[in-house]
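What follows is calculated from the coordinates using simple rules that are stated; it is not laboratory data. Keep in mind it's a predicted model, so treat the numbers as computed, not measured. Cβ sites come from the backbone with ideal geometry, for glycine too, and all protein chains shown count toward neighbours.
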Amino acid sequence: MALQNIGASNRDDAFYRYKMPKMVTKIEGRGNGIKTNVVNMVEIAKALARPASYTTKYFGCELGAQSKFDEKTGTSLVNGAHDTAKLAALLENFIKKYVQCYGCGNPETEIVITKTQMITLKCAACGFLSDVDMRDKLTTFILKNPPEQKKSSKDKKAMRRAEKERLKEGEAADEEQKKLKKEAVKKKGSSASAKDAASKALTKKRSNSSDEDHSPAHSHADENEPPADDDDEDVQWQTDTSLEAARQRIQEQLSAVTADMVMLSTNEEKQKSAKKSPGREEKTQVNGHSNGHTSAHGNLVEEIREHLNKGSSPSQLKSFLGSLSGTYQEIMDALFEALFMGFDKGFAKEVAKKKNYLAAATQEEGSQMVLLRAIESFSAKASTKAVKELGLVLKELYDHDVLEESSILEWYQKGLGGGNKTSQIWKNLKPFIEWLQNAESESEEE
Ligand SMILES: [Zn+2]
């Protein structure tokens, strides 16, 4: 099925790992009984870890229309005919108000109702408690229909499982993007062939998604023509057909590079858009050339950076690191700095992009501790904004099995008891560590 990033502000981030299905709706009935059916509301709500009754009710509240979510059949209906673009925009508002952490933007939050009947969102990544505006109409509905409490460890485990599933889906989508990018780049040349490549890529995407999913609701997502097997004349499939929406669909389905090529050939005025990511390297600063004490470290950083700039693969990097002189710890410190120094806000996203390098560099016994100590020394030099994202960084590496609970906890305990116990990093990591310990003790219960 077609996936998109959760949260409008993340729409252009090809590496964003939180995905949800693109909305599919159809109009049913006619006259006074006309209704809009959000066909894949259950799947979307699942990706957002919110009850589908909340999102359905939210549409009703915002549109001033009757709405109904049927728990038994999973049907989500809103009275009246509403187009997909409008509902998708409302869903974005829902995500901003009821899903994304107000502190760090992460969509992995839990609705917690306080003793005073206020609704808050608790962030799993940074621990921030976001206060939902209680003037919003949906809050009444949520208070009357509170989310199921995570009282038993089973519930929490289900959430962890759902999270792993989302990760897998996200990774599959990223893989798909990478494949498309490669294919399209191969065929790059005249703008005609770029278009050709793009349309081929689209065809491929379409056939792939129908392979994965045979339900009519999904196989017809993103298509403008009505489904062939649709003989009910009251049913009218909808997707958002505005120019902006079309542009966005293409952007989402192709890499930024390919999408730019397509856009340039179809829409001249949009030229400057979407050129992003590369060029960040300029911001990185070489550290320690000036003084003799750190020059060995500085040289290592420089050597690694040069190697990375050649477009080395993770396995090439691994053998390159093996050829360097220095202790494992010195090399790891230098690697982490070469990869990430200079980033402040966005540090965690950068780690998500480059985690395969870290995974390749930490295959030996005991290497997780070495990496964690490298992160610690890095944090001592990094900007405050970067250090604020440490919890997200560790969670990213934990989710992808680069780091395990036991290593993280051991390192954290040592750090707390060690010389720099007042350091900001332990304070910043506390919410993540608490979350990790909960997850940990629950898996031990069974
Ligand atoms: Zn947060």
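Along the charge dipole of the range 102-147, which of P107, T140, A124 sits closest to the positive end, that is, farthest toward it, with unit charges on the beta carbon of Lys, Arg, Asp and Glu (+1, +1, -1, -1)?
So the residue we want is T140.
Full extension from K427 to K164: what is 0.36 nm times the residue separation minus their Cα-Cα distance, to one decimal in nm? Before the final figure, lay out the partial values.
Numbers: separation 263, 0.36 × 263 = 94.68 nm, distance 2.69 nm.
Once the chain is fully extended between K427 and K164, it gains 92.0 nm.
Kindly put W426, W411 in sequence by how many other C-beta atoms sit within 10 Å of each C-beta, fewest to most.
Arranged by neighbour count, lowest to highest, W426, W411 become W426, W411.
Computed from the mean reciprocal separation of all distinct C-alpha pairs, what Kirkwood hydrodynamic radius does the range 9-145 have, in Å?
Values: mean 1/r = 0.0640 Å⁻¹.
The Cα-based Kirkwood calculation yields 15.6 Å.
With a cut-off of at most 13 other beta carbons within 10 Å, and DSSP calling the residue loop, which trypsin sites (Lys or Arg not before Pro) in the range 13-61 qualify? Please list them.
When the trypsin sites (Lys or Arg not before Pro) of the range 13-61 are filtered for loop state and at most 13 Cβ neighbours within 10 Å, R30 remain.
Can you sort T84, T36 so the residue with the fewest Cβ neighbours within 10 Å comes first?
Values: T84 20, T36 26.
Ranking T84, T36 by Cβ neighbours within 10 Å, fewest first, gives T84, T36.
Placing unit charges on C-beta atoms (Lys and Arg positive, Asp and Glu negative, everything else neutral), compute the dipole magnitude of the range 51-90 about its Cα centre in debye, rounded to 20.
The calculation lands at about 40 debye.
Restricting the calculation to Cα positions, tell me the Rg (one decimal) and the Dmax (whole number) of the range 102-147 in Å.
Using the Cα atoms of the range 102-147, the pair Rg, Dmax is 10.6, 28 Å.
What distance in nm separates the simple spin-label points at T73 and S406, each placed 7 Å from Cα in the Cβ direction?
5.2
Just how large is the dipole of the range 102-147 about the Cα centre, in debye to the nearest 20, putting +1 at every Lys and Arg Cβ and -1 at every Asp and Glu Cβ?
The dipole magnitude comes to about 200 debye.
Quick one: L392, L416, fewest Cβ neighbours within 10 Å first, how do they rank?
By the 10 Å Cβ count, ascending, the order reads L416, L392.
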